[in-house]
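Okay, structure first, notes after.
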Amino acid sequence: MTSQFHQRRECRAAAFQYLYAWSVNQPADLATDLQLFFEHLDKPRDHYAFAEELIHGAIDHVAELDENIKTLAHNWEFDRIARIDLAILRLAMFEMLYRKDIPPVVSINEAIDLSKQYSSADAKRFINGILDRMKDKLGRDSRKPVTE
């Protein structure tokens, strides 16, 4: 049986992969593109429900996420950010801003793990720096979820 932690990690990896592909070539029809994407994964689509939430959320809020990244990427031109790193940042930042049920430090740690697996050796420091600055702006306990 898959633990929720392991399943969420798989979902974040799938969401990151989709967001990266989306950033390179935005589809005319998101629903059809997502259907094709999920058909090629190892598990049934419902296993990736969390990934779909993250994908839709990050795409729906991409302008705001990118604005935050531009503001927080000190001394770094937005256009120079590697697309892989940008996909990781968008994913983590969406979680930090809109998923109050996830402690920000969890989103940051998961983003760093994705960067270690998929990006360059230097990416984790860059990603951690931006997300750490975002965490400080949130005004909430970074180690606990917000319970309404």
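The values are calculated or read from the model by the stated rules, or taken from the named source; none is laboratory data. Treat the numbers as computed from the prediction; the structure is a model and nothing was measured. No Cβ is skipped: glycine too gets one built from the backbone with ideal geometry, and neighbour counts run over all protein chains shown. Just so you know, the surface numbers come from the protein's heavy atoms only, side chains and all, with ligands and any DNA or RNA stripped out. Shrake-Rupley method; radii C 1.70, N 1.55, O 1.52, S 1.80 Å.
Observations on the structure shown:
- Conditions (1) without any contact (Cβ under 8 Å) to a residue 40 or more places away in the chain; (2) more than 24 Å from K137 (Cβ to Cβ); (3) in a helix (DSSP H, G or I); number of the one not met by K43: (3)
- In region 21-34, the residues that are closer than 23 Å to I81 by Cβ form Cβ pairs under 7 Å with partners that are aliphatic (A, V, I, L, M) and surrounded by 15 or more Cβ atoms within 10 Å (Cβ to Cβ), at six or more places apart or across chains, as follows: W22/I59; S23/L86; S23/A87.
- The lone exception for A63 - which of (1) part of a helix (DSSP H, G or I); (2) open to solvent by 20 Å² or more (accessible area, probe 1.4 Å); (3) among the aliphatic types (A, V, I, L, M); (4) in contact with a Phe, Trp or Tyr (Cβ under 7 Å, 6 or more places away or on another chain) it fails: (4)
- For region 79-138, filtering for residues that are within 19 Å of F5 (Cβ to Cβ) and of a type in the set (D, E, K, R) leaves 7.
- Residue within region 82-95 that is outside any helix (DSSP H, G or I), open to solvent by less than 60 Å² (accessible area, probe 1.4 Å) and of a type outside the set (G, A, S) present: no
- Those residues of region 112-141 which are among the charged types (D, E, K, R) and either within 17 Å of A82 (Cβ to Cβ) or assigned to a helix (DSSP H, G or I) (or both), in sequence order: D113, K116, D122, K124, R125, D132, R133, K135, D136, K137
- In this entry, L72 is excluded by the filter for residues that are of a type outside the set (D, E), closer than 20 Å to A13 by Cα and either without any contact (Cβ under 8 Å) to a residue 60 or more places away in the chain or out of contact with any His (no Cβ under 6 Å at 6 or more places or on another chain) (or both).
- When residues of region 100-136 are limited to those that are without any contact (Cβ under 8 Å) to a residue 24 or more places away in the chain and of a type in the set (K, R), the one nearest to Q17 (Cα to Cα): K116
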